[in-house]
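Just so you know, all these numbers are worked out from the coordinates, no wet-lab data involved. Bear in mind that the values here come from a model prediction, so they are computed numbers and not experimental data. A quick note on method: Cβ atoms are made from the backbone with ideal geometry, for glycine too, and the neighbour counts reach across all protein chains shown.
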Amino acid sequence: MELNLSAGFATKLLYFDQLDSTNEFLMKKASDDARQFPDMTVVSTSWQTAGRGRNERQWVSPKGSSLASSILIRKPASAAQWYGILLALAAVKSLRGQQLDAGLKWPNDVLVQERKLAGILGQSGGDYLVVGIGLNLSAVDIENSISLSELAVKTDYDLQLSSILENFSELRREFETNGVSAVLDDLRSLSHTLGKRIRVTTDQGQFEGVATDIDTQGRLVLDHGDKTVSAGDIVHLRGVID
Ligand code: BTN
């Protein structure tokens, strides 16, 4: 596949017709073959056979139905979680530029019409990390998911990837120059989680509360500070402000 637009936002861009997992591939190459894989190497496929999701889940990307791409970040300025958030924000901005009312479900799911359009996975190596995005181009048989074709948006791979990479590079520059405060306002205003009653599942168990803020460490604040959540799965129960 020709990815001429996307190549302009990567130092090196590799596309495979089929790959087990773009994250796994890049995690391995980043340490085994460091000189060949510089910062902002991007690995992409439209058929991922062993995609990885958050919390050890699988990420299903059947042939041609999804955009699966991973970015290598060398010497990150901060923890993987922040680069994952930057990538999710980049996708949301890209989609909003295509007139979609996209938002974020904490920590980094991309939603449209309260259904999942894209997911993000960040993984850390020694002094590098890999952040990957899976974006549904056409319908996938997964509950509560949605795709670009169902939303009548162009599914052109290069167009979508290049727009995400362009937004990511810009957000990364701002983040590495000015820190968390450079992206916190966007993160809060584009959140579909804030203001909602949610159920959280963590290793310590389940609880419910109203999501009232995202703090400077990217944690979700419940009930004005009664609890903060740094990791786990959440379910949106209902809006309290709408
Ligand atoms: C999630 O929502 O659970 C995260 C999904 C992340 C999927 C992407 S697809 C590209 C990259 N390679 C992987 O194996 N996973 C991520």
Exercise for the section: Report whether or not Ser149 is part of a loop (DSSP other than H, G, I, E, B) and either surrounded by fewer than 24 Cβ atoms within 10 Å (Cβ to Cβ) or in contact (Cβ under 8 Å) with a residue 24 or more places away in the chain (or both). Expected result: yes
Handout entry: Among the candidates Leu19, Leu87, Leu72, residue that is within 16 Å of the ligand (Cβ to nearest atom), of a type in the set (A, V, I, L, M, F, W, C) and within 30 Å of Lys196 (Cα to Cα)
Key = Leu87
Handout entry: Residue satisfying all of: in region 119-129; more than 8 Å from the ligand (Cβ to nearest atom) and not in a loop (DSSP other than H, G, I, E, B); surrounded by the fewest Cβ atoms within 10 Å (Cβ to Cβ) among these
Key = Ser124
Exercise for the section: Could you list all residues from region 154-207 that are charged (D, E, K, R), surrounded by 15 or more Cβ atoms within 10 Å (Cβ to Cβ) and assigned to a loop (DSSP other than H, G, I, E, B)? Expected result: none
Practice task
Within region 70-99, track down each residue that is under 21 Å from Val140 (Cβ atoms) and either of a type in the set (Asp, Glu) or touching a Leu at 6+ places or on another chain (Cβ under 6 Å) (or both).
Solution key: Ser70, Ala88, Val92
Handout entry: region 29-52 - residue that is loosely packed, with under 14 Cβ neighbours inside 10 Å and either under 17 Å from Gly122 (Cα atoms) or among the charged types (D, E, K, R) (or both) and, of those, farthest from the ligand (Cβ to nearest atom)
Key = Arg35
